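Asks: Just passing along the structure, written as structure tokens.
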């Protein structure tokens, strides 16, 4: 009898603004995560009284450096969050496992121009830099809901084929905007 081939599950870190976008993260966890290994930070996992440097190191070492894809949920305030910037930075850093693939999902609350265009200035700078270079791609929430695993797969392969396009040069955010 021939064995059944199952695609490998990719380790995915989901970066988002917990206060605004938790519902979408919960939706992914509940309905879309069967084909991934979720490496995201869970609510209450890290003590907010710890120093920023300590939290940054824990997230980088325990979560992001072990992921093969970083998915950024892009809401109206995502660009203002230092932890999102740190998570993207950590994913793009070359590590033993290489850099993570990078993809963004535009949430319904994200502001757009009257023409339906998403502006780079409304995205986290480091993420926008990588969309500009062609390393990262952006998808609308409705599309991502039905194609999540395919989006992760593409980002996983792009992390190797497009690695020369990674732009991780922006200074890391020191505080929330």
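Asks: In segment 24-53, how many are surrounded by 10 or more Cβ atoms within 10 Å (Cβ to Cβ) and at pLDDT 85 or above?
Replies: Summing the residues that are surrounded by 10 or more Cβ atoms within 10 Å (Cβ to Cβ) and at pLDDT 85 or above in segment 24-53 gives 14.
Asks: Exactly one condition in (1) free of Cβ contacts under 8 Å to residues at least 24 places away in the same chain; (2) surrounded by 12 or more Cβ atoms within 10 Å (Cβ to Cβ) is not met by residue 116; state its number.
Replies: Of (1) free of Cβ contacts under 8 Å to residues at least 24 places away in the same chain; (2) surrounded by 12 or more Cβ atoms within 10 Å (Cβ to Cβ), only one is false for residue 116: (2).
Asks: If we keep just the residues of segment 90-105 that are free of Cβ contacts under 8 Å to residues at least 40 places away in the same chain and within 13 Å of residue 126 (Cβ to Cβ), which is surrounded by the most Cβ atoms within 10 Å (Cβ to Cβ)?
Replies: Applying the filter and picking the extreme gives 104.
Asks: Under 6 Å between Cβ atoms, at least 6 apart or on separate chains: pull out the pairs that start in segment 136-150 with a residue that is under 15 Å from residue 29 (Cβ atoms) and end on any residue that is part of a helix (DSSP H, G or I) and modelled with pLDDT under 95.
Replies: Once the first residue is under 15 Å from residue 29 (Cβ atoms) and sits in segment 136-150, its partners that are part of a helix (DSSP H, G or I) and modelled with pLDDT under 95 give 148/32; 149/35.
Asks: If you check residue 126 against the conditions, is it in contact (Cβ under 8 Å) with a residue 24 or more places away in the chain, more than 12 Å from the chain's Cα centre (by Cα) and on the phi < 0 side of the Ramachandran plot?
Replies: no
Asks: Kindly provide the set of residues from segment 151-162 that are in contact (Cβ under 8 Å) with a residue 24 or more places away in the chain and over 16 Å from the mean Cα position of the chain (by Cα), ordered by number.
Replies: Residues satisfying the conditions are 160, 162.
Asks: Please count how many residues of segment 65-76 are crowded, with 16+ Cβ neighbours inside 10 Å and modelled with pLDDT of 95 or more.
Replies: So the count comes out to 7.
Asks: Right, next: Hey, any hits in segment 23-34 for a residue that's touching a helix residue (DSSP H, G or I) at 6+ places or on another chain (Cβ under 9 Å) and over 26 Å from residue 110 (Cα atoms)?
Replies: Within segment 23-34, one or more residues are touching a helix residue (DSSP H, G or I) at 6+ places or on another chain (Cβ under 9 Å) and over 26 Å from residue 110 (Cα atoms).
The values are calculated or read from the model by the stated rules, or taken from the named source; none is laboratory data. Here the structure is a predicted model, which means the values were calculated and not measured. FYI the Cβ positions are ideal-geometry reconstructions off the backbone, even for glycines, and counts take in every protein chain you see.
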